[in-house]
Amino acid sequence: MSSIIQLLPDHVANQIAAGEVVQRPASVVKELLENAIDAKATDIKLIVKDAGKTLIQVIDNGVGMTVTDARLCFERHATSKIRHAEDLFDLHTKGFRGEALASIAAIAHVELKTKQDQEELGHHIIIEGSKFVSQEVAVLPKGTSFLVKNLFFNIPARRNFLKSETVEMKHIMDEFQRVALAHPSIYFTLIHNGSENYNLPSSNYRQRIVNMLGGKTNEKLVPVSEDTEIVTISGFVGKPEYAKKSRSEQFFFVNDRFIKSGYLHHAIMNAYDGLLKEGNQPSYFLYLKVPPHTIDINIHPTKTEIKFDDEQALYAILRSSVKHSLGQFNVAPVLDFERDPNLDTPYEYKNKGTDAPLIQVDANFNPFAEEKPIRTNSNSYASSGNYAKRDTSNSWESLYVDLRQDTKEVESIAFESEEVTGSFFESKETEITPSRTYQIHKKYIVSSIKSGMLVVDQNKAHQRILYEQYLTSITVKKASSQQLLFPLELHFSREEISFIQELLPSLENTGFIFDGIQEDNIHITGIPVSIQESEVSILLEELINGLQNDMPESTFSLNDGIAKTMAKSLAVKTGTYLTELEQENLVNGLFACKDPNVSPFNKPTFITLSVEDLDKKFTL
Ligand code: ADP
Ligand code: MG
């Protein structure tokens, strides 16, 4: 029998290897940026179109390549960075495997332009799917430009597998941020679809962090510095009172390389012990320098994990130096966990002095008029959605600006819900007799029904009501807004701003009015009728956080996610006292829902206990 084993042709082998290195456009960005840094560039431009699906270009002013190197660099295992196996234990460059360019060239159209400083002319090479297309001499500036077009053009399955533009761009921004934060002395620019997302001039670490994350960041940072034999630590941690819900501002760099380490993260959390509110995440930007031979560099190129020789010592040093900094900068006394977060607007809005309270008062509210909607505080279901809109003749109606007014529609929705809402307590055909409600432990609402008794979870029930309202307003019928007397100015990082832009159309449908979105702040002039000004920043942060952790694939699930987050964030909380009318409205509102049985997160909203069930309990 003849032998059957054959060597794979190079382009096939490269394509297979490419799968490992290039998972998505962001992988290409990472490899090209790292090569530019290894080439000692001081100015690096990243240009991206359609979140990298159409084009990724990195232009640097580094050392450039000779004509031979320019051809060789696309070969597999072609690297200038190591010569001997021992070099692996003393690595000072980002790349060393010589795989990235071969992989990228195997699955895209690549154009390389490069010129060394001392040369008169540079070289222009085109390669498509590992196939050499052309090579020319060209007049070029010093440095290298890699242009990568049509990623995965020859692997349609991979191309189709790419996520939405927002998701892919988020990955690219993550890579860009990590590299730019690790190398503040390098000038970085990021241009996406023709507009400049980042322009980060050469600076120090602190200034780079501030330029990257927005103007307000500076006052949040506390420096950390420690010098031991095992490790040198520098960088910043965030003051605890600025801690956020998301983990988007947590960065470890080891020898100028971004890494992830659950273990070291734990050390930081440990240092913050007792200083953070439940669920809050501190910001940190920590730069560790360790001798190269004490870490395992033989890691997978796309992985960000790392193995340290003496992890335990590192943990202890990190923990104590962060703790020391927090103590030294006298952070602890500022904390006061008992204060009412509603009084606490974390942004400079609070510097505006004491403005008269606005829009919250219903002057015409008549406590004796039954079945009238009431507006108490924003946390109350009574103030939300249908209830607030139901009676347009109320005087407080004038305080709301109905943007796209279509009163007829609104009324018909209100009428519908009114008709249905009546049914729970007053229905003829259901076996429920009207009955008063009781609130138990500021958590459950209990009422007698014909078959026995009803127990409603106030928080979950309200989540259901709000969820259906928000979903309707986002997808079917834009909701009303309450105009703010003074625009609300909120600060966010650029990445966060880009998320808000993603959410913009949906948020506008829920009643938000945005008046200007700048690089790192937004102005809000109108908010949904159902929420309070003080809740806005928390709500937006939760929405961004949700997106950062899990970006939905489709508009449908994006809208669903927004409605869920808003419902969860704004629903009346366990522990809130409700008046009897509020309790009743809540129960009515719940049973007017399309799907009253479960919360948006699939938890039961109510249970019933039959008289027989109760009887059994007493005859045991
Ligand atoms: P590695 O970075 O692991 O060496 P790559 O495939 O990323 O492998 O790059 C191969 C080689 O091409 C590098 O070792 C380097 O010599 C050269 N090279 C790549 N990008 C640049 C650049 N921007 N400037 C100068 N040389 C470069
Ligand atoms: Mg490389």
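The values are calculated or read from the model by the stated rules, or taken from the named source; none is laboratory data. Just so you know, these numbers come straight off a predicted model, no measurement behind them. In this analysis, Cβ positions are derived from the backbone assuming ideal geometry, glycine residues included, and neighbour counts consider all displayed protein chains.
Quick one: which residue in N150, N204 is under 28 Å from S248 (Cα atoms), more than 16 Å from ligand 2 (Cβ to nearest atom) and not hydrophobic (A, V, I, L, M, F, W, C)? It is N204. Among the residues of segment 303-343, those identified as at pLDDT 60 or above and assigned to a loop (DSSP other than H, G, I, E, B) are K303, T304, E305, I306, D309, D310, F329, N330.
Within segment 85-100, which residues are within 13 Å of ligand 2 (Cβ to nearest atom), touching a residue at least 40 places away in the same chain (Cβ under 8 Å) and not hydroxyl-bearing (S, T, Y)?
Of the residues in segment 85-100, the ones within 13 Å of ligand 2 (Cβ to nearest atom) are 91, 93-100.
Filter again for touching a residue at least 40 places away in the same chain (Cβ under 8 Å), leaving 91, 93-97, 99-100.
Matches in segment 85-100: L91, K94, G95, F96, R97, E99, A100.
As a summary of the residue check, R24 satisfies the conditions (1) at pLDDT below 95; (2) within 11 Å of ligand 1 (Cβ to nearest atom) except for the one numbered (2). For segment 575-620, the candidate set comprises residues that are out of contact with any helix residue (DSSP H, G or I) (no Cβ under 9 Å at 6 or more places or on another chain) and of a type in the set (V, I, T); within that set, the residue that is farthest from Q469 (Cα to Cα) is T619. Residues of segment 575-620 that are of a type in the set (S, T, Y) and in contact (Cβ under 8 Å) with a residue 60 or more places away in the chain: T576, Y577, T579, S599, T605, T608, S610.
For segment 140-222, the strands (runs of 3 or more DSSP E) that sit wholly inside it and include 2 or more residues that are hydrophobic (A, V, I, L, M, F, W, C) are 143-149, 187-192. Per the conditions (1) modelled with pLDDT under 90; (2) outside any helix (DSSP H, G or I); (3) not hydroxyl-bearing (S, T, Y), the sole criterion not satisfied by I524 is (1).
Within segment 38-48, identify whether any single residue is in contact with a helix residue (DSSP H, G or I) (Cβ under 7 Å, 6 or more places away or on another chain), of a type in the set (S, T, N, Q) and more than 12 Å from ligand 1 (Cβ to nearest atom), and answer yes or no. No; the residues of segment 38-48 include none that is in contact with a helix residue (DSSP H, G or I) (Cβ under 7 Å, 6 or more places away or on another chain), of a type in the set (S, T, N, Q) and more than 12 Å from ligand 1 (Cβ to nearest atom). Entry remark, segment 74-114: residues being over 14 Å from L147 (Cβ atoms) and near ligand 1 (Cβ under 10 Å from one of its atoms) number 18 in total.
Yes/no per residue for (1) within 33 Å of the chain's Cα centre (by Cα); (2) at pLDDT 95 or above:
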{"position": "I37", "(1), (2)": "yes, yes"}
{"position": "L72", "(1), (2)": "no, no"}
{"position": "I82", "(1), (2)": "no, no"}
{"position": "K94", "(1), (2)": "yes, no"}
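In this structure, is F618 surrounded by 15 or more Cβ atoms within 10 Å (Cβ to Cβ) and more than 25 Å from Q532 (Cβ to Cβ)? Judged against the criteria, F618 is not a match.
List the strands (runs of 3 or more DSSP E) inside segment 440-511, counting only whole elements, that have at least 3 residues being modelled with pLDDT of 85 or more and closer than 17 Å to I544 by Cβ.
Numbers: elements: 444-449, 452-457, 481-491.
Output list reads 481-491.
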